[in-house]
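The values are calculated or read from the model by the stated rules, or taken from the named source; none is laboratory data. What you see is a predicted model, and the numbers here were worked out from it, not measured in a lab. Neighbour counts are summed over all protein chains in view; Cβ atoms, including those assigned to glycine, are modelled from backbone coordinates with ideal geometry. Areas reflect the complete protein model, heavy atoms only, side chains present, ligands, DNA and RNA absent. Shrake-Rupley method; radii C 1.70, N 1.55, O 1.52, S 1.80 Å.
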Amino acid sequence: MSKYLLLPFYALLLSVPKQKPLFPSHLLFSKYQPKFLLIRSLFLFMAFLKWVLLIFTLHSFMPTPISSNLSLNKEALPQIPLNFLEFSKKPEIMDWMVNIRRKIHENRELGYEEFETSKLIRAELDLMGIPYKYPIAATGVVGYIGTGKPPFVALRADMDALAMEELVEWEHKSKVPGKMHACGHDAHVAMLLGAAKMLQHNQNDLQGTVVLIFQPAEEGGGGAKIMLDEGALDNVDAIFALHVTARVPIGMVASRPGPISAAMGFFEAVINGKGGHAAIPQHTVDPILAASNVIVSLQHLVSREADPLDSQVVSIAKFQGGGAFNVIPDSVTIGGTFRAFSKESFLQLRQRIEEVISKQASVQRCNATVIFDERSMYPVNSNNKELHEHFRKVAGEILGFENIIEMQPQMGGEDFAFFSESIPGLFFFLGMKETEGAVHSGHSPYFRVNEDVFPYGAALHASLATTYLLQNPTKHTSPPEVSYRDEL
């Protein structure tokens with residue numbers, strides 16, 4: 001900008017005709033000399049202001065570049081997170097993330113059906129010049145930023161919606177009946193794209209490769225496992241992911257080392273008996289009575305067989321049988337979920353559920369078939385201790401260490417566990433609770449996303465990946481270089 005300030009002087013020199021002086025010489029040396037000198041000075045000063053005003057006006061209409069020359073080296077390590085946060089708060093970045101999130105929110109798609117969401121993601125990656133592989137796990141996208149060489153670190157965002165009707169009345173309410181982004185996955189995609197934009201603007205300074213994981217089917221579809229099986233994390237050394245939560249105030253994060261969410265699974269059992277009239281039960285084999293005994297016995301698995309210090313859950317949430325007050329049905333179907341914080345406890349619980357259902361049914365002269373939904377089986381989601389310490393340092397620089405909560409493990413399942421079981425991983429919750437208003441947790445038809453949280457999520461993503469690459473030199477000797485866009 002400083003070079004433009006010289007232009008008024010050049011302009012004044014060029015604007016003065018050489019053959020005609022601005023002021024006649026006989027006036028300059030007369031008794032009126034002081035007045036004319038004052039007038040001449042004012043004239044020159046006003047001309048100078050005119051040109052300065054013109055330069056500043058033209059400069060104000062010039063497009064402002066959104067890139068920021070961040071210093072991504074070890075010397076600047078403590079400043080990197082704050083620089084990313086400042087950059088992500090720029091209006092053009094913030095508005096861009098909000099617009100992406102709202103587009104996805106209006107056109108939500110269920111697991112393995114995220115074709116339009118995936119198309120939007122790929123279009124934005126194309127505009128940024130980021131190479132990617134597609135499709136992975138039907139609709140998934142894997143992008144690459146940096147050298148294309150090790151070390152490799154991944155950032156993950158899930159992108160599927162839920163099969164429920166949105167009851168929030170606002171301008172960008174779902175245009176698809178019976179489907180809603182009620183868990184914040186639309187926000188996850190927007191923040192990861194925001195991080196991608198910042199990282200791409202600084203790609204030449206990255207000390208390795210950042211892998212962007214846009215994952216389908218987190219909500220019960222096991223999309224992470226399919227992506228893993230199809231090579232999404234090949235050569236990747238570590239992976240990070242966030243999840244928005246309305247239970248934690250905005251400007252705060254929550255996580256913990258070790259298990260953060262439980263292994264989980266669903267099961268269904270069909271108990272077959274012999275139906276008949278309810279007035280003559282002696283001529284029937286009552287599956288409702290058998291199912292009732294099964295449900296009570298299943299509760300003993302936790303209260304009498306599990307170590308009280310080893311948290312486990314067995315819950316029956318489905319009971320279907322009969323359609324009349326005076327008819328005992330031929331069969332009853334029950335279903336539920338089971339959870340545990342270790343692989344051993346989880347497998348033991350699964351085995352005992354099948355045994356209890358089968359044998360309790362036989363006690364009541366019934367037979368039972370037990371079906372476990374293998375696709376819904378998620379392992380324990382456990383945070384790597386070293387990555388958790390790395391997360392604490394980065395989050396502390398951005399938010400302040402007093403705004404990091406060490407949370408208790410939760411019984412909810414998360415298929416990020418497939419990633420963290422395969423390679424070191426770190427999963428954390430990003431607070432977005434507002435000071436006023438009702439709190440509606442995920443999977444509620446009244447769930448809302450506080451979009452003010454976007455700069456924090458994008459900055460955390462970008463900072464975690466960048467600083468990890470700086471602090472972890474290459475581990476692989478000859479991985480494939482990544483420099484392509486691959487659409488199969």
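Quick notes on this one:
- Per residue, region 402-467 exposes 40 Å² of solvent-accessible protein surface, assessed with a 1.4 angstrom probe and all protein chains in place.
- Residue-level accessible surface for residue 452, protein heavy atoms, 1.4 Å, Å²: 100
- Both numbers refer to the Cα atoms of region 149-237; Rg and Dmax are 16.0, 47 Å.
- Of 149/385; 318/343; 119/385, those spanning more than 27 Å from alpha-carbon to alpha-carbon: 119/385
- Overall form of region 275-320: prolate. Here a/c, set by the Cα gyration tensor axes a ≥ b ≥ c, is 1.5 or more, and a/b is the larger of a/b and b/c.
- Farthest toward positive dipole pole in region 263-378 [+1 Lys/Arg, -1 Asp/Glu at C-beta], among 357, 319, 300: 319
- Between residue 363 and residue 402, the distance separating the two model label sites (each 7 Å from Cα on the Cα→Cβ line) works out to 5.7 nm.
- When 170, 96 are compared by accessible surface with a 1.4 Å probe, the order from highest to lowest is 170, 96.
- Cα gyration tensor shape for region 188-337, rounded if a/c is under 1.5, else prolate or oblate: prolate
- Expressed in units of 2.2 N^0.38 Å, where N is the residue count, the Cα radius of gyration of region 263-378 is 1.13.
- Largest accessible area first, the listed residues 117, 474 line up as 474, 117 when surface is computed with a 1.4 Å probe on the assembled protein chains.
- Kirkwood hydrodynamic radius of region 321-452, from inverse mean 1/r over distinct Cα pairs, in Å: 19.3
- With Cα atoms defining each centre, region 158-223 and region 295-326 are spaced 35 Å apart in the structure.
- Across 112, 446, 144, the residue with the most accessible area heads the list, and the full order at a 1.4 Å probe is 446, 112, 144.
- In terms of overall dimensions, the C-alpha atoms belonging to region 80-191 reach 44, 33, 21 Å along their principal axes, ordered largest to smallest.
- Alpha-carbon centroids, region 228-291 and region 105-141: separation in whole Å: 27
- Rg/Rh, computed from the Cα trace of region 199-282 with Rh as the Kirkwood radius, has the value 1.26.
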